Amino acid sequence: MSWFKKILGKESKEKLDEGLEKSKTSLFDKISRAVVGKSKVDDEVLDDLEEVLISSDVGVETTIKIIRRIEERVERDKYVSTSELDLILREEIASLLSENNIEDTNGFSIPKKDLPYVIMVVGVNGVGKTTTIGKLASQFKSQGLKVVLGAADTFRAAAVDQLVIWSERAGVPIVKQAMGSDPASVAFDTIQSAVAQNADVVLIDTAGRLHNKINLMNELTKIKRVMQKVIPDAPHEVLLVLDGSTGQNAFEQAKQFTQATEVSSLAVTKLDGTAKGGVVIGISDQFQIPVKYIGVGEGINDLQAFNKMEFVDSFFKRNN
């Protein structure tokens, strides 16, 4: 690894530590209250810890798995002190996520295949979907890739305008039509344009209203079908953007969208402004869909490729 890459990696990890500050401060405050006056991990501590994890938006099912693992460890080791709890939590959660057999994404690269590589981006309004597309475009471009954006969220005028601003910031072309146009028509034009330009990556924005599931499914299916007239296996990836600050609501959105379309990757945004960062652990475990990107700040470079070991390390790192 070059000196320059090491510096970038260090800066990225520091930004992750900083972005999770509210989440880990909240978590450790709760853990400290749960173990006050206790010297060893017993049933009462485990009951309190279960409540701590659920209230930190890790999710009920994932919390039960974590508590069960710690119970087994306590039983095996006979005596576990409360001072060891931070380390044990870190180890067991890292182990749980590793067992899901989901590989971390390789930075901001794309799979080697016939180009362009098409990513359809889905998610409700307000989660940071359009912003995530803009940041992704910037990151891909910085890797030397040629990117084209498609403004297929034609339901909301502000969505198209916002994506135009991001295309200008990132310095990449955008394909758009008038507000109210058929989203599938915009997607079709975008794919055609990307092929003509020999683009490497296409990012298609879609409508962010979570209307009833049947309508959502029909709309996304139509967009896919029309894109496949140009590239038979498009989209190669369906990226669902979730707002980490909404906690359990993010679980519900993930559930709705995975039922409506074949979501293949996740991006969790706004982690820097919330104490609900535990939602990443729960979503990563429960949906068995790779969390590829996390948002830890407002800057164009504050979208990071998700690395589960680094995330767990930052989440459970106490400040000295």
Problem set entry | Among residues of the stretch 86-113, those that are touching a residue at least 12 places away in the same chain (Cβ under 8 Å) and in a loop (DSSP other than H, G, I, E, B), counted | 12
Problem set entry | Filter result (in a helix (DSSP H, G or I), of a type in the set (A, V, I, L, M) and open to solvent by less than 60 Å² (accessible area, probe 1.4 Å)) within the stretch 33-84 | A34, V35, V45, L46, L49, V52, L53, I66, I67, I70, V74
Seminar exercise, completed: The condition from (1) open to solvent by 20 Å² or more (accessible area, probe 1.4 Å); (2) in a loop (DSSP other than H, G, I, E, B) that K224 misses is numbered (2)
Problem set entry | Residue selected from the stretch 114-143 under the condition assigned to a helix (DSSP H, G or I) and among the polar types (S, T, N, Q), by the criterion surrounded by the most Cβ atoms within 10 Å (Cβ to Cβ) | T130
Exercise. Quick one: is K146 open to solvent by 40 Å² or more (accessible area, probe 1.4 Å), modelled with pLDDT of 95 or more and not aromatic (F, W, Y)?
Worked result: yes
For this session: Return the total of residues in the stretch 190-202 being open to solvent by 60 Å² or more (accessible area, probe 1.4 Å) and within 20 Å of T132 (Cα to Cα).
Result: 0
Seminar exercise, completed: Those residues of the stretch 155-186 which are at pLDDT below 90, open to solvent by less than 60 Å² (accessible area, probe 1.4 Å) and more than 21 Å from the chain's Cα centre (by Cα) amount to A157, A158
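Return yes when I281 is over 30 Å from I67 (Cβ atoms) and among the β-branched types (V, I, T) and no when it is not.
The answer is no for I281.
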Problem set entry | Residues of the stretch 95-123 that turn out to be more than 20 Å from S12 (Cα to Cα) and either charged (D, E, K, R) or within 14 Å of the chain's Cα centre (by Cα) (or both), as a count | 8
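A quick yes/no check of all residues on (1) open to solvent by less than 60 Å² (accessible area, probe 1.4 Å); (2) modelled with pLDDT of 90 or more:
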residue: F188; (1), (2): yes, yes
residue: N218; (1), (2): no, no
residue: V230; (1), (2): yes, yes
residue: L240; (1), (2): yes, yes
residue: E252; (1), (2): no, no
residue: Q259; (1), (2): no, no
residue: S265; (1), (2): yes, yes
residue: T269; (1), (2): yes, yes
residue: G273; (1), (2): yes, no
Seminar exercise, completed: Considering the stretch 275-309, residues that are open to solvent by 20 Å² or more (accessible area, probe 1.4 Å) and under 17 Å from T25 (Cα atoms), and then whichever is farthest from the chain's Cα centre (by Cα), we arrive at A275
Exercise. What about I231, is it touching a residue at least 40 places away in the same chain (Cβ under 8 Å), closer than 15 Å to I191 by Cβ and in a helix (DSSP H, G or I)?
Worked result: no
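The values are calculated or read from the model by the stated rules, or taken from the named source; none is laboratory data. Everything numeric in this text was worked out from a predicted model, so none of it was measured. Neighbour counts are summed over all protein chains in view; Cβ atoms, including those assigned to glycine, are modelled from backbone coordinates with ideal geometry. The area values use the complete protein model at the heavy-atom level, side chains included, leaving out ligands, DNA and RNA. Shrake-Rupley method; radii C 1.70, N 1.55, O 1.52, S 1.80 Å.
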